[in-house]
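Bear in mind that the values in this text are calculations on the coordinates, not laboratory data. Bear in mind the structure is a predicted one, so any value in this text is a computation, not a measurement. We place every Cβ from the backbone using ideal geometry, glycine too, and count neighbours over all the protein chains shown.
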Amino acid sequence: MVLIDGKKVSAEIRDRLKQETEELKEKTGRTPGLATVLVGDDPASAVYVRNKNKICNELGFQSFGKNLPEQTTEAELMSLINDLNGNDEVNGILVQLPLPNHIDSEKILLSIDPEKDVDGFHPINVGKLAIGNALLTPCTPTGVIALLDYYGIEISGKHAVVLGRSNIVGKPVANLLLQRHATVTICHSKTKNLEEVTRQADILIAAVGRPHFVTANMVSQNTVVIDVGINRVDGKLTGDVDYDPVSEIADFITPVPGGVGPMTIALLMENTLKAFKTTL
Ligand code: NDP
């Protein structure tokens, strides 16, 4: 069994991005910029945003941290996004979710310039992903593909089973796998005979949000198991896969933490650099 080390892969991606940023700065005199928008004071969201700004600075990007109070109106937030859309120093805009209930997240998402949509959630980018020509694709799913590539795991012709059909993980990862010529099955809460389906997987992606959901009887020998789940159980982070027994069967497996988790931020930075490069 090979343990897929997301921390290591993420660090290597960030090193590469840092170097490329330095070279581009030297050549063009310009710097990539990422704006993070946080509304309210949810402690977990605040940590995520701080971390994103910290990594921006480490890579030599400009970071524009916009922290707004909980009572910010939808109109005020829209007006900030409009300003960021028009600001040439900002190449990526990330609105940290969830937003407070009085703000319509869908409306806010639609107001972001698709060329600055580094989360890859704008319907324009979702549509481009579906037809196979997106530049900005969602970070966690793209991180999953980057892990498979790093470990030389062939995707083409393989049967990939995706557990979960959310817009942020299940559907985009399924589309990315399809684009790479996998035969893709997407499972969800209404799927019948789930174990029968998952046992057919060469590559099994778990994005369910339930601790220890994928048990050993759901996995065949020689499977690559990618655990996207992040669940907190008794204060400890755990994935969607029942790790110990499944790791005895799988060929490759991601741990939680230290698997897919660290990839998301690296791919966010990669998207920001990609968006920047289109402006050169
Ligand atoms: P959602 O809750 O949006 O989606 C969960 C999916 O799992 C749904 O499609 C649901 O089906 C399906 N599901 C739920 N119960 C079952 C079941 N009993 N059998 C089969 N399918 C089931 O979650 P997300 O996609 O947003 O996130 C999934 C996990 O990934 C979470 O743990 C989340 O924390 C983690 N995550 C990790 C990230 C990272 O950076 N590593 C980033 C984003 C998420 P249905 O559609 O029918 O309801």
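Contact order, relative form, for the range 28-113: 41 percent (alpha carbon pairs under 8 Å, 6 or more residues apart, mean separation divided by residue count). Karplus-based coupling profile of the range 10-17, in residue order and whole Hz: 4, 5, 5, 4, 5, 4, 5, 5, with θ = phi - 60° in 6.51 cos²θ - 1.76 cosθ + 1.60 and x standing for Gly or Pro. Report summary: the helix-based calculation at 222 nm, which adds -39500 (n - 2.57) for every DSSP H run with n ≥ 4 and divides by the residues of the chain, gives -13000 deg cm²/dmol.
Bridge orientation summary for the range 139-261: considering DSSP beta bridges with both residues in this region, about 15 percent are antiparallel. Shown is the FRET efficiency for His188 and Glu89, computed with R0 = 51 Å from the Cβ-Cβ distance and rounded to the nearest 0.05: 0.80. Across the range 270-280, rounded Karplus estimates of 3J(HN,Hα) from the backbone phi angles (6.51 cos²θ - 1.76 cosθ + 1.60, θ = phi - 60°) give 4, 4, 5, 5, 4, 4, 4, 5, 5, 9, 7 Hz, Gly and Pro being marked x.
For His188, nonlocal amide neighbours, meaning residues 5 or more places apart or on other chains whose placed amide H falls under 5 Å from its own, are Gly164.
According to the square roots a ≥ b ≥ c of the eigenvalues of the Cα gyration tensor, what is the shape class of the range 1-102, taking rounded for a/c under 1.5, prolate for a/b larger than b/c otherwise, and oblate for the remainder? Judged from the Cα gyration tensor, the range 1-102 comes out oblate (a/c at least 1.5, b/c at or above a/b). Restricting the range 1-86 to GluC sites (Glu not before Pro) that sit in a DSSP loop and have at most 12 other Cβ atoms within 10 Å of their own Cβ leaves Glu70.
Among beta bridges identified by DSSP and lying wholly in the chain, the antiparallel ones come to about 10 percent. When the Cα centres of the range 38-82 and the range 154-188 are compared, how far apart do they sit, in Å? Using only Cα atoms, the two centres lie 31 Å from each other.
Each label was represented as a point 7 Å from its Cα along the Cα-to-Cβ direction; for Arg50 and His159 these points are 4.7 nm apart.
Qualifying GluC sites (Glu not before Pro) in the range 184-280, where qualification requires a DSSP coil assignment and no more than 15 other C-beta atoms within 10 Å, comprise Glu248.
Using only Cα coordinates, the Kirkwood hydrodynamic radius of the range 139-261 works out to 14.0 Å. 3J(HN,Hα) along the range 167-179: 6, 9, 10, x, 5, x, 5, 5, 5, 5, 5, 5, 4 Hz, from the Karplus curve 6.51 cos²θ - 1.76 cosθ + 1.60 with θ = phi - 60°, whole Hz, x for Gly and Pro.
Contact order for the chain, expressed relative to its length and based on alpha carbon pairs under 8 Å spaced 6+ residues apart, stands at 21 percent.
Can you list the lysines whose alpha carbon sits under 25 Å from that of Lys27, skipping same-chain ones fewer than 8 residues off? In chain and number order, the partners are Lys18, Lys54, Lys116, Lys274, Lys277.
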